[in-house]
Structures are given as structure tokens and as C-alpha cells.
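Asker: Submitted below is the structure of interest, expressed as C-alpha cells.
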Amino acid sequence: MEIKIITVGKIKEKYLNDGIAEYAKRLSRYCKLTFCQVPDEKTPDKASDALNEQIKNTEAERLMKHIREQDYVIALAIDGKMLDSVELSEKIGRLGVEGKSSVAFVIGGSLGLGNEVLKRADYKLSFSKMTFPHQLMQMILLEQIYRGYRILNHEPYHK
């Protein structure tokens with residue numbers, strides 16, 4: 001299975017890049033992992049709702065260029081469904097059994113995902129009602145995908 005991580009913005013912090021690289025290395029034995037990063041838009045302080053919506057839509061257009069028709073799209077969204085680690089592993093396993101060979105996880109920028117991406121999503125996933133920096137969310141997501149594969153393969157994992 002191919003797992004695509006499609007994100008807005010670059011990872012600037014070394015510790016996050018190191019963590020992401022470590023989980024990418026660990027995941028290489030379970031799946032083909034690819035990353036796509038699109039530029040983020042500068043968001044002025046105290047921007048109007050209309051400007052914020054425009055920024056999300058601009059970022060959504062960039063993200064959509066990396067989503068293929070055959071991709072099963074999982075959008076990370078605060079209003080998505082919350083799963084525990086076992087449920088996420090089961091979801092990934094089910095997608096493979098159903099013949100989905102490419103799963104694209106999409107992480108928006110600081111304002112979230114634009115409507116175009118949310119409409120295209122096959123599933124909306126939430127990690128929490130809290131807001132996390134999108135750079136940190138990428139590492140958290142990879143850790144959970146890795147944990148999911150460990151669970152699917154009946155390998156030990158930290159509970």
C-alpha cells in the first residue's frame with residue numbers, strides 16, 4: 001500500500017524533521033511512504049473571515065494537485081471522527097482488503113483545510129478537539145500509522 005502525506009507548509013524545526021525521518025524509516029517495511037508539501041499562504045494577524053477563507057481555498061487548490069482520482073483521501077479535520085489506535089489500524093487494514101492501494105492523508109495549514117479538499121475527502125479524521133501545529137501533526141500522524149501497522153501485524157507496541 002502507498003501512504004501519501006500531503007501537507008501545507010515546510011517543516012522548519014530539526015527535531016520534527018528528525019522524528020518524521022525516524023517514523024518514515026520504520027514505516028518503510030510496511031508500506032511505500034511519500035510526502036508532498038505545498039507552500040502555505042501568509043496569514044496576517046486579525047485577518048477577516050473572508051481573507052481566511054480565501055487563504056484556505058488557495059492552499060486547497062495546491063493540495064488538490066497532489067490528490068489523484070484513485071487515492072482514498074483521509075482529511076485531518078477537527079470535526080472528523082475520533083478513532084483510537086486499534087480502530088485506525090483496523091481502518092488501514094480494511095482499506096487494503098477493499099483494494100485501496102493508495103491512501104492520502106491531508107493536513108491543512110494553520111487555518112485548516114479548504115472546502116474543496118473536505119468535499120473530496122472519503123473520510124475525515126480528528127486526533128483531538130484541541131488544535132495542534134500542522135508541522136507537529138505530521139509526526140503524530142506518522143507515529144499512529146506506524147503503531148497501526150504494528151497492531152495489524154500482531155507486533156508489540158506501547159499501550
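The values are calculated or read from the model by the stated rules, or taken from the named source; none is laboratory data. Remember, it's a predicted structure, so these values are computed and weren't measured experimentally. Because the Cβ atoms are built from the backbone with ideal geometry, glycine has one as well, and the counts that use them run over all protein chains shown. Side chains included, ligands, DNA and RNA excluded: accessible areas come from the protein's heavy atoms. Shrake-Rupley method; radii C 1.70, N 1.55, O 1.52, S 1.80 Å.
Asker: Considering only the stretch 36-139, what is the antiparallel percent among its DSSP beta bridges, to the nearest 5?
Answerer: Within the stretch 36-139, antiparallel bridges account for around 10 percent of the total.
Asker: So which of 10/65; 100/124; 65/124; 10/42; 14/81; 4/25 end up more than 21 Å apart, counting from Cα to Cα?
Answerer: Check vs 21 Å cut-off fails for 14/81.
Asker: On to the next question. Using Cα pairs under 8 angstrom and six or more residues apart, how large is the relative contact order of the chain, in percent?
Answerer: Values: 250 pairs, mean separation 53.9, N = 159.
This gives 34 percent for the chain.
Asker: Calculate how steeply helix 85-97 sits against the longest principal axis of the alpha-carbon atoms of the chain, using the helix alpha-carbon long axis, and give the answer as 0 to 90 degrees to the nearest 10.
Answerer: Once rounded, one gets 80 degrees.
Asker: Mind ordering 42-50, 125-133, 146-154 by average Cβ neighbours within 10 Å, highest first?
Answerer: 146-154, 125-133, 42-50
Asker: Sticking with this structure for a sec: Based on Cβ point charges of +1 for Lys and Arg and -1 for Asp and Glu, what charge dipole magnitude is obtained for the stretch 1-55 about its Cα centre, in debye rounded to the nearest 20?
Answerer: Working: 10 positive and 9 negative charges, 90 e Å.
So the magnitude is around 440 debye.
Asker: Take peptides 26-35, 70-79, 12-21 and line them up by average Cβ neighbours within 10 Å, highest first, as a rough protection proxy. Before the final figure, lay out each step's value.
Answerer: Numbers: 26-35: 14.8, 70-79: 18.6, 12-21: 12.9.
Order by mean packing, descending: 70-79, 26-35, 12-21.
Asker: At 1.4 Å probe size, with the rest of the protein present, what percent of the exposed accessible area of the chain is carbon and sulfur atoms?
Answerer: Answer for the chain: carbon and sulfur cover 51 percent of the accessible area.
Asker: Also, quick follow-up: What is the distance in Å between the Cα centroid of the stretch 48-71 and that of the stretch 93-159?
Answerer: Answer, in whole Å: 18.
Asker: Please calculate how many Å² of accessible area the chain carries per residue, with a 1.4 Å probe and no DNA, RNA or ligand atoms counted.
Answerer: Counting only protein heavy atoms, the per-residue value for the chain is 56 Å².
Asker: Could you tell me which residue out of 80, 19, 115 lies farthest along the dipole of the stretch 1-119 toward its positive end? Charges go on the beta carbon: Lys and Arg +1, Asp and Glu -1, centred on the Cα centre.
Answerer: Among 80, 19, 115, the one farthest towards the positive end of the dipole of the stretch 1-119 is 19.
Asker: Still on this structure: Does the stretch 9-159 classify as rounded, prolate or oblate by the C-alpha gyration tensor (a ≥ b ≥ c root eigenvalues; a/c under 1.5 gives rounded; else a/b over b/c gives prolate, otherwise oblate)?
Answerer: Taking the square roots of the gyration eigenvalues as a ≥ b ≥ c, the stretch 9-159 is prolate.
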